[in-house]
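Below you'll find the structure, written out as structure tokens, and then a few comments.
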Amino acid sequence: MPVHHSPCTNIIFAPMEKEVVLSGIRPTGFLHLGNYFGAMRNYVRMQDDYNCYFFVANWHSLTTHPDTRELQSSVHRVIAENIACGLDPEKVSLYIQSDVPEIAELYLYLNMLAYKGELEKTVTFKEKVRLQPENVNAGLLTYPVLMASDILIHRALKVPVGKDQEQHLEMARNFAERFNYRYGEVFPMPYAFNFGGDLVRIMGLDGNGKMSKSENQLATLYLADDDESIRKKIMKAKTDQGPAEPNAVKPDYIENLFTLMRLVSGPDTVKKFEDDFNASSSGNCVIRYGDMKKQLAEDMAGFIKPIREKAADIQNNKELLGRIIRQGADKARASASETLKLVRQAVGMNY
Ligand code: TYM
């Protein structure tokens, strides 16, 4: 890093280093609006002001999807969809987890600092045990350790993720703290981050649980959906007969529709439906959910179309994808190997 000496004083001005940001997405299915809201929108907003590393977590996907026949095309799709959403591979490092073997070595060291009891208590582990009782593998148990390695290998500070990843971040801090305590200060503490506020959780359109890649596909809006599917899904979204009193608190499935509308519709449109909602009471329902959904469907189709088309173009351009993936891996490995040097020194593995 170049250092400038001031001629009249002895003060040294070092250029401010940008904070390190990291996040990842598992290639276990088609990306959806939950991923966009919780993660990718933040990535795009952060790419100019931070030193960003974004990656496709293909090792993590093996914990739940051992069949790898579709893995390669999923990985390519995730890369293409990230770029289609506005990520610029010249500004950030966009890479594939398995291209950075340094992560696996750090995972090994951190595994010695993670305890069976705490791993078994992780909410996502318990959920996966329920969903796949026939395949409770060690990778599933140590999923949070691999995730901590992804983050710590670049000594990242901010991790833009949705609400569902909060516990994993807390565990990453625990592992980092234990490492620093035992071997010496190497890692800063990473935090889950959402641009401008609380972490986000987008619900499925049926009002049951969070929008997700593999569950209830009819309640999930994918970035690859065509206009007709978008309209159909939104028109089927859960609503009710309207609020019982003026200025009522919105039920979470109605709030979810407003959240989606704020993303894709103009402020006047959102205000009109907010006002209609607030003016409604039982016997005088001003808000018409049918109209609201129709408007949301049109605006959503207009939002998703260019992303879908750009992603398809990029995905078909294997040469471009190959170049982006190699360039991302080079940048990520340069940073990862620097951290690993410090880790090996601290642990005493530098013979
Ligand atoms: P994954 O692949 O499940 O999801 C990718 C990102 O999308 C967010 N997300 C949501 N946000 C709001 N509402 C939703 N309904 C919703 N669904 C998904 C997730 O919070 C995430 O930010 N364990 C991670 C992948 C990972 C990772 C990492 C993330 C591996 N290593 C290191 C950050 C740092 C996961 O399964 O995300």
Of the criteria (1) under 24 Å from the mean Cα position of the chain (by Cα); (2) part of a loop (DSSP other than H, G, I, E, B); (3) surrounded by fewer than 18 Cβ atoms within 10 Å (Cβ to Cβ); (4) of a type outside the set (Phe, Trp, Tyr), which one Asp225 fails:
(3)
Residue within segment 61-76 that is surrounded by fewer than 19 Cβ atoms within 10 Å (Cβ to Cβ), more than 21 Å from Gln315 (Cβ to Cβ) and among the polar types (S, T, N, Q) present
yes
Test: residue in segment 59-66 that is farther than 22 Å from Gln132 by Cβ and either more than 16 Å from the ligand (Cβ to nearest atom) or touching a Lys or Arg at 6+ places or on another chain (Cβ under 7 Å) (or both)
no
For Gly24, indicate whether it is within 11 Å of the ligand (Cβ to nearest atom) and touching a Gly at 6+ places or on another chain (Cβ under 7 Å).
no
Quick one: would you say Asp164 is closer than 18 Å to Leu106 by Cα and touching a strand residue (DSSP E or B) at 6+ places or on another chain (Cβ under 8 Å)?
no
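A short reminder: the numbers here are calculations on the coordinates, not readings from a lab. All values derive from a computational prediction rather than experimental measurement. Neighbour counts are summed over all protein chains in view; Cβ atoms, including those assigned to glycine, are modelled from backbone coordinates with ideal geometry.
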